[in-house]
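Down below is the structure, laid out as structure tokens.
The values are calculated or read from the model by the stated rules, or taken from the named source; none is laboratory data. Remember, it's a predicted structure, so these values are computed and weren't measured experimentally. All Cβ positions, glycine included, derive from the backbone under ideal geometry; neighbour counts span all protein chains shown. Only protein heavy atoms, including side chains, enter the accessible area calculation; ligands, DNA and RNA are left aside. Shrake-Rupley method; radii C 1.70, N 1.55, O 1.52, S 1.80 Å.
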Amino acid sequence: MKKIGVLTSGGDAPGMNAAIRAVTRKCIYHGIEIYGIMNGFQGLIDGNIKKMEVGSVGDIIQRGGTKLLSARCDEFKTAEGQQKGIEQLEKFGIQGLIVIGGDGSFRGAKALTDKGFPCIGVPATIDNDIAGTDFTIGFDTALNTIIEAIDKIRDTATSHECTYVIEVMGRNAGDLALWAGLADGAESILIPEHTDDFDDVVDRLLRGHERGKKHSIIILAEGVGSGIDYGERIEKATNFETRVTVLGHIQRGGSPTAADRVLASRLAAKAVDLLLEGQAGRMVGIQNNRLINHDINKILEEKHTIDMDMYQLSRELSI
Ligand code: ADP
């Protein structure tokens, strides 16, 4: 293999730049030409492809977002779109592709691999909702952004003696809510994987109030429902002033944490190794701090699971 391509696709995640840098430098280290594909699969169809040099990825390891830009591209879900993509790759003489993104992006990588074009997936999504890896690139940074925001909200919550409902990202996976809740000592954590009893949430708030607690924090993953609606219900049931903060897109941005930069560098470099070994249709991941790789088909069939022991612990610590 003499020429490799790399793209970022789907929702951006902090650490994608560190991954692009690692792919680029690892390829150059091995004497392989590396091509950056702009705008995800859309740029692939359009042939928006440029050769990367060592300097192309300088000064990006600390930046959020993705230098290669990302896009959602419905045309790539069709066989014609995928064929156009393969034609562009062949035009540039690219023989393997590294796809940095979430499970949607991996479906694109799988489609190309099924058509005979070798792809390797690198999991990057703040939600941590991919099976077969303990962590995805961007999760740690988003988590720390949430913690920083909650710490600030906590100051004001204490001063005003009120309940705060904080809605965080996570449509299908409650990892951000769970980790943030445990890290910040939230009274209740609401995640899509577990239906929480509303009365129990209210009881916890009332018990805390009786003990003289000045404020309470409830963290709700967006997949559970609207934080605003939930806040209204809580206020009605407890009579405590309740405020709602929807953290939204600030969770996506920002400079990646050291953990995300290291994870991105390790996973992305491993993806290059796999292509050079002649592998295809694999996703790299990390389990128990060891780099592993799985059949991408298996990853797409499996569901990411949340650590329910951690959930139980958070309940025990917020009696
Ligand atoms: P993420 O990778 O973050 O999960 P999306 O689900 O939006 O993001 O997917 C990103 C892109 O991957 C889509 O816009 C599309 O170009 C491509 N993609 C998604 N699903 C498929 C599919 N079934 N076949 C081919 N390409 C797909």
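Tabulated results
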quantity	calculated
Selection status of Glu241, more than 19 Å from Ile319 (Cα to Cα) and of a type in the set (Asp, Glu)	yes
Residue within segment 221-240 that is open to solvent by 20 Å² or more (accessible area, probe 1.4 Å) and touching a Lys or Arg at 6+ places or on another chain (Cβ under 8 Å) present	yes
Conditions (1) more than 9 Å from the ligand (Cβ to nearest atom); (2) in contact (Cβ under 8 Å) with a residue 12 or more places away in the chain: number failed by Gly55	(2)
Residue under evaluation Ala183, criteria (1) aliphatic (A, V, I, L, M); (2) assigned to a helix (DSSP H, G or I); (3) in contact with a strand residue (DSSP E or B) (Cβ under 9 Å, 6 or more places away or on another chain), criterion not met	(3)
Test for Gly102: is it within 14 Å of the ligand (Cβ to nearest atom) and touching a helix residue (DSSP H, G or I) at 6+ places or on another chain (Cβ under 9 Å)	no
Count - residues of segment 241-257 that are open to solvent by 70 Å² or more (accessible area, probe 1.4 Å) and either free of Cβ contacts under 8 Å to residues at least 60 places away in the same chain or over 20 Å from Asp129 (Cβ atoms) (or both)	3
Strands (runs of 3 or more DSSP E) enclosed by segment 40-142 - at least 1 residues per element that are open to solvent by less than 10 Å² (accessible area, probe 1.4 Å) and closer than 28 Å to Gly181 by Cα	96-101, 119-123
One residue from Ala124, Ala111, Ala79 being under 14 Å from Gly10 (Cβ atoms), out of contact with any Asp or Glu (no Cβ under 8 Å at 6 or more places or on another chain) and not acidic (Asp, Glu)	Ala124
Output for segment 143-175, where each listed residue is open to solvent by 20 Å² or more (accessible area, probe 1.4 Å) and part of a loop (DSSP other than H, G, I, E, B)	Glu161, Met169, Arg171, Asn172
Asp196 open to solvent by less than 50 Å² (accessible area, probe 1.4 Å), in a loop (DSSP other than H, G, I, E, B) and more than 30 Å from Gly281 (Cα to Cα)	yes
Filter pass, Val23 being closer than 14 Å to Val272 by Cα, within 16 Å of the ligand (Cβ to nearest atom) and within 22 Å of the chain's Cα centre (by Cα)	no
Single residue of Ala221, Ala237, Ala157 found to be in contact (Cβ under 8 Å) with a residue 12 or more places away in the chain and within 23 Å of Met310 (Cβ to Cβ)	Ala221
Filter pass, Ala79 being hydrophobic (A, V, I, L, M, F, W, C) and within 14 Å of the ligand (Cβ to nearest atom)	yes
